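All of the numbers you see were taken from the coordinates with simple rules; none came from a lab. Remember, it's a predicted structure, so these values are computed and weren't measured experimentally. Using ideal geometry, Cβ is built from the backbone for each residue, glycine included, and neighbour counts are taken over all protein chains shown.
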Amino acid sequence: MLKIEGIVAGYGRRKVLRGVDWVLRPGVTGLLGPNGAGKTTLLSVLVGLLRPRAGSIAVGDARFGFVPQRFSMAGGMRLLDAISYTAWINGTARHDCEAAARRALAAVDLTDKAGERVKTLSGGQRQRAGIAAGLAHEPDVLVLDEPTVGLDAGQRWRVRDLIASIGRTRLVIVSTHLLEDVSHMCDRVGVLTGGRLVFDGTVAELEASDGPRERRSPIEAGYERLLEE
Amino acid sequence: MRRTWWPLGPASVVVPAGAIVVAVLAMTWRMLSWPYPLWVQTSAQFHQQFTWAGMIAASWACWYATVMHAKNRIWFRPNAPRLGAPAVVLHLTTLVGWFVGTYLVALLPLTLATLGGIGAPDPLAMLSGVLAMVAATALGYALGAVVPSVVMVPLVAIGCYALLVGGSAAAEELAAVAPVFDLEPELGQRESLPLLVFRIALFVIVTVAAVVLAGRAATRNQSWRAAVDAAACLALPAALVTVALIRPPAVFVADGQPAASCTEKRGIRYCVHVENRARLGELVRSIDTVIARFGTKPENIDQVWDQSLTFRPIDVERARGVELAWLEPDGTIESAVAVMAAGVYSCKGGTKPAGLITLDIDNYLTTGVPAGTLEGMSVSEVQRWLARFQDQLHSCTLTPNQLPRAETR
């Protein structure tokens, strides 16, 4: 379990998060919110990229894996080398790195690409490679920032299935602005808007919110009502 | 396991390491066949060969850091357990191991060729060269970590080149800082202890500062913090460099008063540095050929000394009538005995008839063939003329009717 209490954070004078409280449980939790709501800022605070101005995060001994929205690997690196190195950076013992990288690549179904150079991967493969990098050191918590952005429909399905399967064994937090992502892979969902968490519940609870159903899916209707409020 | 040692693949270190070997071997190849290798020169090659090797090491290390420390890398997470110092140490261990290791391997043939050579190795001079390579690699890497952009790579290369140019242009002033000297030491000299101690300390401090700087830069995602770190880490090396520029230590010092090995022939005393005693006979043969062509002992030459004997002050009386000879390690012996015996310097360029003939005499003493104004004279005629007029020759006071053609007519 991951407990976030009263997180206030921002950049310079701009306050983006205005006191976020959230309790996260094992499984896949979606973090929804419009652009500029503070999703990436909250994830940055969670993984230590940004120091909060106030509040606390109780993580215990949990280890984090993080896949940012925009990331790169050196194009000339072989995929297995890149994942091994990321595992090492994240604390895996040197002699275990290659095996850990192979396990992570197997988990994202990229075993056959292990020897390929990163620059030869397609967009979907690259995204899965990023998830493998986040997984290689076997974190307790995997944090993914907009993992399906820029993928075509087929690639998006594959990544969603992958994230859902990872969520069966660990806590996964997925930031997204795509409601389909949430409905297909998340057990729970939090909605962030105006720097505050305005909803924390199951996907079914979000769907149960009222809204004009003739044009929208249940989840869209519930989500829009929350934002309007 | 190897994947973490060189995450960019073996070629990322083997290729520049190979370039270092090629550069060093190309620059030292001719020295391998020298019959009289000098340890003092071979020791100096450990820093002199920095010219290309240092530039390759620093530039490549910079590129390596720009690739590994770009802030959008998937492995960039400031609180990751090994992102800062451990990653920097891992990369630099690999880079320094290969670059400095192959640098030493490339210098091995020269070192082996010098075994049994003249003098003794200078371990501190060798160490200063090795540390200069380490410092260049670490500094190039740190600059790449601070500004992880490929733009830094040519800037680092230009910086290395500027250091070389500066070392040549201001040899005395920058010798404590620039790894490559403008001049190389010779037998009878050595690199001064204060200079070596200073350089070793400077290169160690630069290395430590670069490692600390790279470690901090690797975990920073704000460029202003990296700039502050850079200023803090490079303050001490910069202060040391400033001190060296204000009060530069002596570059070379003479060995203790060297013992000489001497002999005499045709009234001329020949002396060589005791370490060159095996070449005394060679020196005598080389100079005596000129003296034999002159016919008698030139009155302005009493002694011929190995130049290695002259790095310390010499009593004027002892040095009367001395000409120097350079006993080069490649087996050649250079001296100005023919020039001096011909009186070339007395007439400063030879614009008068008395001056012109000195050039012809110099040519005759060097080749043994009378030519120019001496054309048509036999060797014995030239020698008789020299015996009669050498005073005027050496004081540039020959009159037209004393010239050889007038004499033979």
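The peptide list B:239-249, B:176-186, put in order of mean Cβ contacts within 10 Å with the highest first, becomes B:176-186, B:239-249.
Across region B:268-408, the mean sequence separation of Cα contacts (distance under 8 Å, 6 or more residues apart), normalised by length, yields a relative contact order of 21 percent. For the residues A:ILE131, A:ILE166, A:ILE89, a GNM of chain A with alpha-carbon springs under 10 Å puts the largest fluctuation on A:ILE89.
Considering chain B as a Gaussian network with a 10 Å cut-off on Cα pairs, which listed residue, B:THR42, B:THR102, B:THR289, attains the greatest mean-square fluctuation? Evaluated over chain B, the most mobile residue of the options is B:THR289. For the pair region A:132-185 / region B:14-76, the C-alpha centres are spaced 46 Å from each other. Shown for chain B: cysteine residues without a partner Cβ closer than 4.7 Å, namely B:CYS62, B:CYS160, B:CYS233.
Eigen-decomposition of the gyration tensor built on the alpha-carbon atoms of region A:72-139 gives equivalent ellipsoid semi-axes of 17, 12, 10 angstrom, largest listed first. Compute the distance in nm between two label points, each set 7 Å from the Cα along the Cα-to-Cβ direction, one at B:TYR161 and one at B:ARG312. Going by the 7 Å Cα→Cβ label model, 4.5 nm. On the beta carbon distance between B:ALA235 and B:LEU183, with R0 = 35 Å, the FRET formula returns roughly 0.65. The count of lysine pairs in the protein assembly as shown with alpha-carbon distances below 22 Å, taking only pairs 8 or more places apart or on different chains, stands at 6. Against the longest principal axis of chain B, how steep is helix B:280-294, in degrees 0 to 90 to the nearest 10, with axes from Cα atoms? It works out to around 40 degrees.
So if R0 is 56 Å, what FRET efficiency would B:THR242 and B:THR296 give, r being the distance between their Cβ atoms, rounded to the nearest 0.05? Could the numbers behind the result be given before it?
Numbers: r = 60 Å, r/R0 = 1.07.
Between B:THR242 and B:THR296 the formula returns 0.40.
Taking a virtual spin label 7 Å from the Cα of A:LYS119 along the C-beta vector, which residues in region A:73-88 bring their backbone nitrogen under 12 Å of it? Answer for region A:73-88: A:74-78.
For chain B, DSSP calls about 60 percent of its internal beta bridges antiparallel. Extents of chain A, taken as max minus min of Cα coordinates on every principal axis and listed largest first, are 51, 41, 31 Å.
With no solvent and one point per C-alpha, what does the Debye sum give as log10 I(q)/I(0) for chain B at q = 0.06, 0.08, 0.11 Å⁻¹? So the normalised log intensities are -0.38, -0.59, -0.86.
Please compute the length gained on full extension between B:VAL105 and B:CYS262, using 0.36 nm multiplied by the number of residues separating them and subtracting their Cα-Cα distance.
Numbers: separation 157, 0.36 × 157 = 56.52 nm, distance 3.96 nm.
Here the answer is 52.6 nm.
Based on the Cβ-Cβ distance from B:ASN401 to B:VAL22, what FRET efficiency comes out when R0 is 45 Å, to the nearest 0.05? After rounding to 0.05, the efficiency reads 0.10. Ellipticity at 222 nm from helices only: DSSP H runs of n ≥ 4 in the protein assembly as shown, each -39500 (n - 2.57), divided by the residue count, give -16000 deg cm²/dmol. Modelled label positions at B:VAL204 and B:LEU115, each set 7 Å beyond Cα in the direction of Cβ, lie 3.0 nm from each other.
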